[in-house]
Amino acid sequence: MAPNGFALIVTLSLMILLTVIAVGLLTLSSISLRGSTTQSAQATARANARMALIMAIGELQKSTGPDQRVTMTSSLRTGAEPVNSNWTGVTDVSPSALTPDAKSAQISWLVSGDKPDPVKTLTRSTQMNQGDALKLATFNTSSTTTADLLAPVVNVTQGNNKGRFAWWIGDEGTKARVDIAKPQAVPASDRERLASSQSALEGGFSKLGGNWSKLAPAPVGSIDKTALISMQTAWPACECHHRWHESRSFPDL
């Protein structure tokens, strides 16, 4: 004969086991739900980024496609000092579009937003539906200070889904190359002499002092600038990351 209370103990044990199983299933379902939500958000973010890229390329082709177009940075414009000095502008220099007053020239800015103005102060967005600009990157303006690169935000709504994106196109043509070696080398042939006369000149970055001296063409310990496949490889060597808007390497194009 079974001891008294054995059935009660078995029943309680089964109830505890079922409770543990139920809690485990709930935890698993919540993890799966959070994972699917995260994947959906990532897919939406990628779609917005892809659309921003397509729009940027389309605007670049439309604005700079004709031969009678020149680009410049907003820091070169006349009038009020631009807050966003690294925006790229495109202007029409065909005879019919020229104006006697540079201030009245029509400039298309290669940046997102409706009628972007580099003089306007933008408010960085930190949360959804806040601010009118997104931070695309942070660059060192000196060895100790940084500045955010902001672009006007574009809101996207599809049903209950909401998103935001921004894009900006930098002008690589205004930057000096750091990967040009032996600027004073004597060409060995007429072909090399002709090629040298049509090539970019070494910018003399070593004259800036500090770690920039490593870019000098001759001293022992200098950097082989032809090996600088990108500015990311140059930054650790010469700590020139705060010159991002002024310097570049050929493969960066």
For K62, the net charge from surrounding residues (Cβ-Cβ under 13 Å; K, R +1; D, E -1) works out to -1
Quick note on S32, S63, S75, S112, ordering by fewest other C-beta atoms within 10 Å, gives S32, S75, S63, S112
Residues E192, E59 in order from fewest to most other beta-carbon atoms within 10 Å are E192, E59
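The numbers here are math on the coordinates, done by the rules we state, and not lab data. Remember, predicted model here, so these are calculated numbers, not experimental data. Note that each Cβ is placed from the backbone with ideal geometry, even for glycine, and that neighbours are counted across all protein chains shown.
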